[in-house]
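Working notes for the structure below.
The values are calculated or read from the model by the stated rules, or taken from the named source; none is laboratory data. What you see is a predicted model; the values in this text were computed from it and never measured. In this analysis, Cβ positions are derived from the backbone assuming ideal geometry, glycine residues included, and neighbour counts consider all displayed protein chains. Heavy atoms of the whole protein, side chains included, go into the accessibility calculation; ligands, DNA and RNA do not. Shrake-Rupley method; radii C 1.70, N 1.55, O 1.52, S 1.80 Å.
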Amino acid sequence: MRAERALRTSRAAGAVRASRATARRDRRGTVEVSSLRTEAYREIKRRITTTAYRPGEILNETLVAESLRIGRTPVHEALNRLALEGMIEVMPRKGIIVKPVTLNEVREVAQVRASNEVLCVSLAARHADNDDIRAMRAVLDAAPAAIAKRDVEAMMNLDREFHCAISRAARNRTLADVLLQLHERSLRFWFISLSAPRHMEQVQREHRAIFEAIRTHNPKAAARAVTAHIHAYVHNITQQL
């Protein structure tokens, strides 16, 4: 009887260990698939944003997966996400097309940005503390190296960081969320605009004007500076398209 109970106990313990091992493998598999999906999403989005995948280009899912060295399933799921975000379009009998850049879209996004950015910098000029000022200054101080190398992608990312720092300083999370979506949608436009000769230097000057207005807690000057910044961007990209 004791031997039978011991055997049953041993078998039960073995089953529990096997179940736990399977669960660990399942979790690892889930985490791995999720990680690959995220990796595929980020890299495809980066290629679209930096125009490595050109506006209007037709993408082959198999070739994209091969170039990323990632399986088709994570790539397919990443492409579906990018389609929902409006960066690619699935066209019947044509395939996956990188969404073209249109001047109308640039102007529409800029128009929505303008009103929200004015509110954001005005709030930032009122609420920014020393930590916020240091964060903005750090981004501005990093820009000259990117400008010297003509590293458009690095400057584009610094542009985003600068505006994110302002959003944090505004102390309005809803506004920050709205602007984050607008900035993400604008990244490809920024890349194209920053590729123009001497535009990086112009953006840096405009950012410094915005920064000084926030640093000195001058909401009206901040609003004027960011309005001029957006108008200059629209004018510049109009010349590129």
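Within a straight-line Cα-Cα reach of under 16 Å, Lys99 can be paired with the following lysines, leaving aside sequence neighbours fewer than 8 residues apart in one chain: Lys45. For the range 152-241, the carbon plus sulfur part of the accessible surface works out to 52%, probe radius 1.4 Å.
Diffusion coefficient (Stokes-Einstein, Kirkwood radius over C-alpha pairs, 4 °C, 1.567 mPa s) for the range 80-143: 85 µm²/s, rounded to a whole number.
Loop-located GluC sites (Glu not before Pro) across the range 38-131 with a Cβ neighbour count of 16 or fewer within 10 Å are Glu57, Glu85, with loop assigned by DSSP. Across Arg93, Arg42, Arg113, mean-square fluctuation computed from a Gaussian network of the chain (C-alpha pairs under 10 Å connected) peaks at Arg93. Its Cα gyration tensor gives the chain an equivalent ellipsoid. The semi-axes, each the square root of 5 times an eigenvalue, are 45, 26, 15 Å from largest down.
Every helix of 4 or more DSSP H residues in the chain counts as -39500 (n - 2.57), and over all residues that averages to -28000 deg cm²/dmol at 222 nm. Taking a ≥ b ≥ c as the square roots of the Cα gyration tensor eigenvalues, the range 167-211 comes out oblate, since a/c reaches at least 1.5 and a/b does not exceed b/c.
Average accessible surface for the chain: 57 Å² per residue, computed with a 1.4 Å probe over protein heavy atoms with every protein chain in place. Springs between Cα atoms under 10 Å define the GNM used for the chain, and in it the highest mean-square fluctuation of Pro92, Pro144, Pro100 occurs at Pro92.
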